[in-house]
Amino acid sequence: MQLCDTHCHLDDARYNEDFEVMLKRSYEAGITRFIIPAAYPSDLKRAQSLSHQYEGVYFAAGIHPNYAHLYDKDFIQSFVGDEKCVAIGECGLDYYRVEESLEEMGLESFEALKDLQKKVFIEQIKLALEVRKPLIVHIRDASLDSLEILLTYAKELKGGVLHCFNADFQLLSLAKYGFYYGIGGVLTFKNARKLVEVLPKIPLQSLLLETDSPYLTPHPHRGERNEPSYIPLVLERMSEILAIPKETLAKQINHNTQNLFGEHFRIL
């Protein structure tokens, strides 16, 4: 059974010492496709480099909302023509660590932070429209503003994925516009009641698997570095909650991944 990790930060320095061993472990676990979403400008360069060195590795070009002040359209656009670039992102809104973000960006108010993040999010949405690539969307404590922006452009976009889906019922309305819901290790947490409750309400044809490695390591490995080889743990928990055989779910999710990201992700 082969699967794709649609969101893994394999460019993170925590993999530097054992990257190939980690990747081999992932291949052996059946994970044969990987998408590295850019978060920071230097990450994007490394993500591109890794995608050309290793089989099945792809990347997305964009900037995380926490680094919105570093957004440079020309820089990001220089990567989008690469055949290994399959999406724009991760982009979106993050209102979680406001004080840290204000200091990082040199801003004086929460309103200024929101205005900047919204502006940069919209810029990346427009870039996705230009190059006809899907979005990888990061939303944290910003569901209403994110929904409002996405609904403005949803009919024109080539879809996208709500990475690390926050289980907000309001965001389920985006499924009819070709948006998918990235489900990762959080589903295995004991305090994941909200996600467990909302999961059956997500259309099966809108589910994707991810790890957000090296973060959000699933049970029973919490506290360790996360990696794509743990994807089967998420699939197993999803299978339990939905009462659907793992093989059936895997086939559907692989089909979903191909629908969103293209023929590179065809898994027979």
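The values are calculated or read from the model by the stated rules, or taken from the named source; none is laboratory data. Computed from a prediction, not measured in an experiment: that's the story for all the values here. Please note: Cβ atoms are built from the backbone with ideal geometry, for glycine as well, and neighbour counts cover all protein chains shown. With ligands, DNA and RNA removed, areas are computed over all heavy atoms of the protein, side chains included. Shrake-Rupley method; radii C 1.70, N 1.55, O 1.52, S 1.80 Å.
What part of the accessible area of region 47-130, given as a whole %, is carbon or sulfur when the probe is 1.4 angstrom?
Details: 1610 of 3800 Å².
So the carbon and sulfur contribution to the accessible surface is 42 percent.
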I need the Kirkwood Rh of region 183-268: take the reciprocal of the average 1/r across all distinct C-alpha pairs and report it in angstrom. 13.3
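Could you work out what % of the accessible surface of region 197-253 is carbon and sulfur, using a 1.4 angstrom probe and leaving DNA, RNA and ligands out of the count?
Details: 1310 of 2590 Å².
The nonpolar share, carbon plus sulfur, comes to 50 percent.
Could you tell me the relative contact order of the chain? Use alpha-carbon pairs under 8 Å, at least six residues apart, and round to a whole percent. The partial results should precede the final answer.
Working: 512 pairs, mean separation 51.4, N = 268.
Computed over the chain, the figure is 19 percent.
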Rolling a 1.4 angstrom probe over the protein heavy atoms, how many square angstrom per residue are accessible across region 118-221? 42
What is the calculated FRET efficiency for Glu224 to Glu55, with r their C-beta to C-beta distance and R₀ = 22 Å, to the nearest 0.05? 0.30
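How much length is gained on full extension from Arg193 to Lys246, taking 0.36 nm per residue of separation minus their Cα-Cα distance? Write down the numbers at each step before the final one.
Details: separation 53, 0.36 × 53 = 19.08 nm, distance 2.10 nm.
Difference between extended and current length: 17.0 nm.
First select every other residue whose beta carbon is under 12 angstrom from the beta carbon of Leu207; then total the charges, Lys and Arg +1, Asp and Glu -1. Don't skip to the end; give the middle numbers.
Numbers: positive: Lys201, Lys251; negative: Glu210.
So the environment of Leu207 carries a net charge of +1.
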Read-out Cα extents along the principal axes in Å, derived from the coordinates shown; its label in (1) 81, 57, 36; (2) 49, 39, 36; (3) 64, 36, 33: (2)
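Anything over 30 Å Cα to Cα? Flag those among Lys126/Lys190; Lys133/Lys201; Lys158/Lys190; Lys84/Lys119; Lys176/Lys251; Lys24/Lys84, in the order listed. Numbers along the way, then the final one.
Details: Lys126/Lys190 39 Å; Lys133/Lys201 26 Å; Lys158/Lys190 35 Å; Lys84/Lys119 27 Å; Lys176/Lys251 21 Å; Lys24/Lys84 20 Å.
Lys126/Lys190; Lys158/Lys190, as the Cα separations exceed 30 Å there.
Once you mark the GluC sites (Glu not before Pro) that are in a DSSP loop and have at most 14 other Cβ atoms within 10 Å, what is the longest gap between them in the chain?
Numbers: sites that count: Glu17, Glu55, Glu83, Glu108, Glu156, Glu224.
Here the longest run is 157-223.
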Counting just the Cα atoms, what span does region 75-174 cover along each of its three principal axes? Round to the nearest Å and put the largest first. 39, 34, 22
